[in-house]
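Have a look at the structure below, then the notes.
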Amino acid sequence: MEEPHPPYLPQGVFAPRFADLLADLFAKADVSTVRVAQATNTSPSVVRSWLMGMALPGPEAAERLKAYFRLIGEEEERFDTAYARAAKARAAKAVTPPSQRSQSPPRQPRNSRRPRNPAPPPLLADPDREDGQPDPLEATSEEHLLDLLRQFRRWAGNYSARQLAEWSGGAFSHTTVNALLSEGSTTKRPPLKLTYLQGVIRACGGGEEELKRWTKAWRLVQNKQARLAKVAVLDRWKQAR
């Protein structure tokens with residue numbers, strides 16, 4: 001099914017006179033953009049851009065247009081004159097200094113609409129820890145320490161994974177901390193590295209004293225696990241004798 005004769009926009013960008021002439025040829029021949037596109041080896045959208053004065057056919061396409069509309073004599077001369085003027089206008093537009101062109105206001109970055117907090121809110125903790133603040137030194141295993149870390153996150157403000165990643169100082173990505181603090185399956189959970197733990201504490205607003213306390217708890221748990229692993233090796237060795 002062929003497209004109907006396209007609407008003509010009289011105000012082209014740089015080739016209004018050539019667009020006028022081309023529109024007259026379309027009207028006289030009663031043809032569609034599909035037929036002209038086939039004759040000029042282009043596409044209907046390209047032909048429409050010619051009709052709107054927003055683009056200009058190349059020399060080869062211009063010759064095919066003249067052949068298709070069977071332009072001879074004065075009609076061919078009018079076509080060539082309009083085409084030459086449009087090409088000159090296009091060249092002049094291409095070299096127009098940027099200061100003389102219409103400039104649109106610069107686009108704002110996607111995230112500029114939402115102000116981002118450079119740092120987490122301060123951690124207003126009770127020095128006596130009577131406000132439900134988890135104590136990491138109570139941890140008896142790495143899993144226990146991780147559970148206390150989850151509690152600390154909720155107690156501090158229950159920040160999202162993206163907020164934690166943003167405030168962690170580059171300690172982890174939001175996907176990593178989300179997997180770390182998830183209470184679901186442990187198959188995809190990353191190990192509780194010291195940098196991860198410190199990043200969570202820092203992202204929740206913890207200061208130096210809080211970092212030292214959680215770091216101490218992490219080291220105590222690691223030392224305990226190392227001793228248990230050593231005992232297990234000795235037990236297996238004794239059983240094998």
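The values are calculated or read from the model by the stated rules, or taken from the named source; none is laboratory data. Bear in mind that the values here come from a model prediction, so they are computed numbers and not experimental data. We place every Cβ from the backbone using ideal geometry, glycine too, and count neighbours over all the protein chains shown.
Condition first: exposed (fewer than 12 other Cβ atoms within 10 Å of the Cβ) and either β-branched (V, I, T) or not assigned by TED's automatic domain parsing to the domain that holds W218 (or both). Can you find one or more residues in segment 171-188 that meet it?
Yes, segment 171-188 has at least one match.
Can you find even one residue in segment 114-132 that is of a type in the set (A, V, I, L, M), at pLDDT 75 or above and part of a helix (DSSP H, G or I)?
no
Quick test for you: out of L22, L71, L9, pick the one residue that is modelled with pLDDT under 90 and in a loop (DSSP other than H, G, I, E, B).
From the options L22, L71, L9, the qualifying one is L9.
Have a look at A165, A171 and point out the one that is at pLDDT 90 or above, part of a loop (DSSP other than H, G, I, E, B) and hydrophobic (A, V, I, L, M, F, W, C).
Sole residue among the options that is at pLDDT 90 or above, part of a loop (DSSP other than H, G, I, E, B) and hydrophobic (A, V, I, L, M, F, W, C): A171.
Go through segment 159-172 and count every residue that is without any contact (Cβ under 8 Å) to a residue 40 or more places away in the chain and closer than 12 Å to V200 by Cβ.
Qualifying residue count, segment 159-172: 6.
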